[in-house]
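What follows draws every value from the coordinates through simple rules; no lab data is involved. This structure is a prediction, so every number in the text was calculated from the model and none was measured. Please note: Cβ atoms are built from the backbone with ideal geometry, for glycine as well, and neighbour counts cover all protein chains shown.
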Amino acid sequence: GQSNEAFTQSNMWVLKVDSMGCDTPGCATGTWVREALPYSRGRGEVLTVFPNPTNEDINIEGWVLYTKGEKLISVFDIYGRKVKKTIIPKNTEILNINVQSWNPGLYFLRLTINGKAMGSTKVVVE
């Protein structure tokens, strides 16, 4: 007979979305700004996270970090529990967050400026 040693363990991720395909409530309302400004390095993304996946640090960048107002990054796990909240200091080009103490899994990052949701992204922590 054959041995079961040929099977390997693999991870599977399940992502719950609403009927509009949104992982974050309200993502399909058209209220999020998605425009490229001259200092967006040509990419135009609201938020970019790298490296992704990671198990040490994440770096967050995007043209919205250059905008005025109180900027806040909130991080949620797949159950909607807030894992971290960070106020982004003025003149921040790249925000670094250490994720070594986080459990492996999928996390959602939401950027708010003056209390208004401006963008979101995902990161996988290994």
Q) What is the spin-label model distance, in nm, from N114 to D77 if the labels are put 7 Å beyond Cα along the C-beta direction? A) 3.5 nm
(Q) Need one number: nm distance between label points at E126 and N98, each 7 Å from Cα along Cα→Cβ, rounded to one decimal. (A) 2.0 nm
Q.
Could you give the length gained by full extension between I87 and T67, i.e. 0.36 nm per residue of separation minus their alpha carbon distance, to one decimal place?
A. 5.8 nm
**Q.** Zone of L15's modelled label, taken as backbone nitrogen in the stretch 52-69 under 17 Å from a point 7 Å along Cα→Cβ
**A.** 52-54
